[in-house]
Amino acid sequence: MKSTVITFLCIAILFITSTITKAQVTAPNVKITGEVSTPLDIKLSDLQLYSQVQVKYKDKDGNYHNYSGVVLADILQKAGVPLGKELHGKNLAKFVVAEGSDGYQAVFALAELDKGFTDRLVIIAVTIDSKPLSPTEGPFRIIVQDEKKQARCVRMVRTIKVESAK
C-alpha cells in the first residue's frame, strides 16, 4: 500500500513540475493572421524592434494614463497588409479583428489604422504609466487614442486577424 501511494505522489509531482515548466517557457504572444503575406507571432521582446509611442488615454473613471507600445499599423505593415499607397480599391474593404484571450473581439477598418487616413493612433500597448500591464489587462492591450468609450480597447490581446468584407 505504501509503495502505491509513493508511486502516485511521484507521478503527481512530475506532472505538476512539467506543467509549471511549460507555463514558464511559453512566452505571451500575439498572432497576426488572415489576409497577410507574412503571418507573425509577436512576443514582448519583438516589440522592442519597433518605434515606441505613447498615448494618453482616459480610463472609465475619468483618470488619464500614459500607455506605451507600438502602432498597430507598423506591425500590420511588417505582416504585409496593404497600407499607405496600397490602401485603395478593394483593399478598403479589409478590416482587422482583434481578439483577447477571454474571447472579446473588436473590429477596425484598415483605413482607421492608416496614417494617410487618420491622425488617431491605435497601438498595441505593453505598459501603463511606465509599468507593465496587469495580468487582467495585458501583456498586450489595444488602445485607441481619443476614443470616447473603451469598448474597442481589447485587453489580453492574443490574435489579430485581417479579413475582407464580402
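Looking only at residues of the range 22-31 that are surrounded by 11 or more Cβ atoms within 10 Å (Cβ to Cβ) and out of contact with any Asp or Glu (no Cβ under 7 Å at 6 or more places or on another chain), we find that the one that is modelled with the highest pLDDT is VAL30. Reported count of residues in the range 106-152, each being surrounded by 13 or more Cβ atoms within 10 Å (Cβ to Cβ) and in a strand (DSSP E or B), is 14. When ASP102 is tested against the conditions (1) under 15 Å from the mean Cα position of the chain (by Cα); (2) touching a residue at least 40 places away in the same chain (Cβ under 8 Å); (3) surrounded by 14 or more Cβ atoms within 10 Å (Cβ to Cβ), the lone failure is (3). Residue pairs whose Cβ atoms lie under 8 Å apart, sitting 6 or more positions apart in sequence or on different chains, and linking a residue in the range 41-63 that is surrounded by fewer than 15 Cβ atoms within 10 Å (Cβ to Cβ) to a partner that is in a strand (DSSP E or B) and among the basic types (Lys, Arg), are ASP41/LYS31. Assess whether ASP74 counts as being modelled with pLDDT of 95 or more and among the charged types (D, E, K, R). Answer is yes for this residue. Of the residues screened, GLY34 is one that is surrounded by 14 or more Cβ atoms within 10 Å (Cβ to Cβ) and on the phi > 0 side of the Ramachandran plot.
The values are calculated or read from the model by the stated rules, or taken from the named source; none is laboratory data. These figures come from a predicted structure and were not determined experimentally. Note: ideal-geometry Cβ built from the backbone for every residue, glycine included; neighbour counts use all protein chains shown.
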